[in-house]
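The structure under discussion appears below in the form of structure tokens.
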Number of protein chains: 2
Amino acid sequence: MDKVVVQNLEANNQRDLSRLITQVENDNVTNNKTLDKLFKKTNQAIRIGITGPPGAGKSSITNELIKYYINSDQKVGVIAIDPTSPFSGGSLLGDRVRMNQYHNDESVFIRSMSTHGHLGGLSRKAQDIGDLLAIAGKDVIIFETVGVGQGEYEIANVADLSVIVLVPEAGDEVQLMKAGLIEIGDIFVVNKSDRKGSEQLTERLKSLVNINRETNRSIFNTIAKEGKGIEELFNGIIKKFTELEDDGNLLQRKIDRYKVRVKNIIQNNLLSEFWTSNKKEKLFQATKSLKDLKKSPNIAAKEIMQAIDL
Amino acid sequence: MDKVVVQNLEANNQRDLSRLITQVENDNVTNNKTLDKLFKKTNQAIRIGITGPPGAGKSSITNELIKYYINSDQKVGVIAIDPTSPFSGGSLLGDRVRMNQYHNDESVFIRSMSTHGHLGGLSRKAQDIGDLLAIAGKDVIIFETVGVGQGEYEIANVADLSVIVLVPEAGDEVQLMKAGLIEIGDIFVVNKSDRKGSEQLTERLKSLVNINRETNRSIFNTIAKEGKGIEELFNGIIKKFTELEDDGNLLQRKIDRYKVRVKNIIQNNLLSEFWTSNKKEKLFQATKSLKDLKKSPNIAAKEIMQAIDL
């Protein structure tokens, strides 16, 4: 990656931004000094995670929020993460449609990131891409992800604030059983709230979300397709950010996240230093047949660690 | 842990088995030489993962399978993993009832393992507990887990064969959207198959499960509470094991699992060697305020790695 590309990134050149994001996706940016220098800029952006089950209306809500941010003179970057499944072929297409809508608008950048089912490294990559967006001058970064597996937890780890979108319909119990989902949310949205069952879901949520938590967490009712309830949600997000800032939680989350990043980099470095081709070969030799597997993994690990690299 | 306890374990003393499992749960067994020596015994047991959404009837199916295994003179160990949530308080109680049923039967051991929402290390612990059960002479080890998050993936990593239990009811789409769930299953069960929607779910499954897979994966219809369809499922599991053995997949899975274990042990050792109190302090100092976080994580990591321990 040359210096010009990075300069263009800083100047919010969307094409070079796109190119750099692709490099992060393909693991081609790891230790770039020019980017390292620009890192201080990344704290200026706020990061919002929006997650929930398929069909809950996350994209519609994001689209509506974008309008409010533009009206407040904020630049917005959206990363839509799609844990590719045979059932959700439509979402990438939908994002392309969304992108075209803002094609000539430098204040909005929308990008889909397909994980092809591999969630490993998702939070690291999402974080790095968030940094690129921040360096390009985006004020608000939205991570939008389908909550069908561990994706939502990964995203909660990269956002300053998590919005959980639910929808009154079949499967509410399964949605709610995802206790983790309840735990990670700062703000809850019952979308499509003109539907039957909306009130019950809202009531159920109310009784659940404030258990075992000191802070109050808000629930909003929206009909995103009609733009209803979005202003309240938008103001709710702003209010929540102020609260998180005032009570020190925002700083704490940033610190925690930063620590995890530093630890992960160190871990990757230690492991890549350790796993020389000699040691890889030793592991391969130690696991060739069922007979080899009779040795305890503790002992196998010890032997590999004691192996001397020539 | 003294040698006597381990000897008692080998003799299938269920009380000492229970005690050792608690030690693994609490991370108190890590590098035990007596257990290392007994490791060769662990390959003798087969390991089955049973997973699916809450209320699908996993416990009932496990209970029915236990009967068939007992009738075939097999000893069975069950680990029921409960990603504790405010909504599933009943399952631990249910397991206690199940345990009492076999209280004086040395051929069955059932144990609940609560994760308290922390899935980290689950597969490692489940694996270690599986080893203890195998050393105690169990022929069949069943890992039963609620598929509400990443738990099912963790369990697919420790079992030789995965059974996915689904149920015709509200939320089918959400169930099926979990593409990963479809990917990890070797055998699928549509339980409560007297319910409305059972045929559609079975048809939907049929069209999904054999996409992109060379081997055929079977679907069984059961009504576990009435014992219906269990014999077919039991025979299907045996058949699948034979297939996996014949085509080398069973060995490959064991090798892959073993490699992951060895790698994890090495990783833990490297990290615990690295993170001296001096380096921990450096990380703490480097992340005290928002101003500190202006440095790129790459640079912070580098500085900590270059720090010299006195």
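What follows is calculated from the coordinates using simple rules that are stated; it is not laboratory data. Bear in mind that the values here come from a model prediction, so they are computed numbers and not experimental data. Here Cβ is always computed from backbone atoms with ideal geometry, including for glycine, and neighbour counts include all displayed protein chains.
With the charge dipole of region B:261-306 set up from +1 on Lys and Arg Cβ and -1 on Asp and Glu Cβ about the Cα centre, the Cα lying farthest toward the positive end among the listed residues B:ILE266, B:GLN285, B:ASN298 is that of B:ASN298. Under a 5 Å amide H cut-off, with hydrogens placed 1.01 Å from N, B:SER218 pairs with B:PHE188 among residues at least 5 apart or on other chains. Under 5 Å between amide hydrogens, built in the peptide plane, is the criterion, and for B:ASP105 it picks out nothing among residues at least 5 positions away or on other chains. For region B:209-310, applying the loop criterion from DSSP together with a ceiling of 13 other beta carbons within 10 Å to the GluC sites (Glu not before Pro) yields B:GLU214. Here the peptides A:187-196, B:125-134 are ranked by packing, the mean other Cβ count within 10 Å, and the order with the highest first is B:125-134, A:187-196.
In this model, which of A:LYS294/B:LYS279; A:LYS263/B:LYS41; A:LYS279/B:LYS240; A:LYS138/A:LYS259; B:LYS41/B:LYS192 are farther than 26 Å apart at the alpha-carbon? Present the calculation step by step, with values, prior to reporting the outcome.
Working: A:LYS294/B:LYS279 37 Å; A:LYS263/B:LYS41 37 Å; A:LYS279/B:LYS240 35 Å; A:LYS138/A:LYS259 23 Å; B:LYS41/B:LYS192 37 Å.
Long pairs (Cα-Cα over 26 Å): A:LYS294/B:LYS279; A:LYS263/B:LYS41; A:LYS279/B:LYS240; B:LYS41/B:LYS192.
The mean count of C-beta atoms from other chains within 10 Å of the C-beta of residues in A:288-297, rounded to a whole number, is 6.
Quick check on region A:261-306: what does the Kirkwood estimate of hydrodynamic radius come out to from the alpha carbon pairs, in Å? Walk me through the intermediate numbers first.
On the way: mean 1/r = 0.0846 Å⁻¹.
Every distinct Cα pair counted, the radius reaches 11.8 Å.
Count Lys and Arg as plus one, Asp and Glu as minus one, and take only other residues whose Cβ is under 9 Å from that of B:LEU38; the net charge is then 0.
Across peptide A:265-278, the average count of Cβ atoms from other chains found within 10 Å of a residue's Cβ is 4. For A:VAL146, nonlocal amide neighbours, meaning residues 5 or more places apart or on other chains whose placed amide H falls under 5 Å from its own, are A:ILE81.
Quick one: A:LYS33, A:LYS41, fewest Cβ neighbours within 10 Å first, how do they rank? Before the final figure, lay out the partial values.
Numbers: A:LYS33 12, A:LYS41 15.
The most exposed by this proxy come first: A:LYS33, A:LYS41.
How would you order A:136-143, A:250-257 from highest to lowest mean count of nearby Cβ atoms within 10 Å? Please report the intermediate quantities before stating the final value.
Values: A:136-143: 23.8, A:250-257: 15.9.
Packing order, densest peptide first, comes out as A:136-143, A:250-257.
Note on A:51-62: average number of Cβ atoms from other chains within 10 Å of each residue's Cβ is 1.
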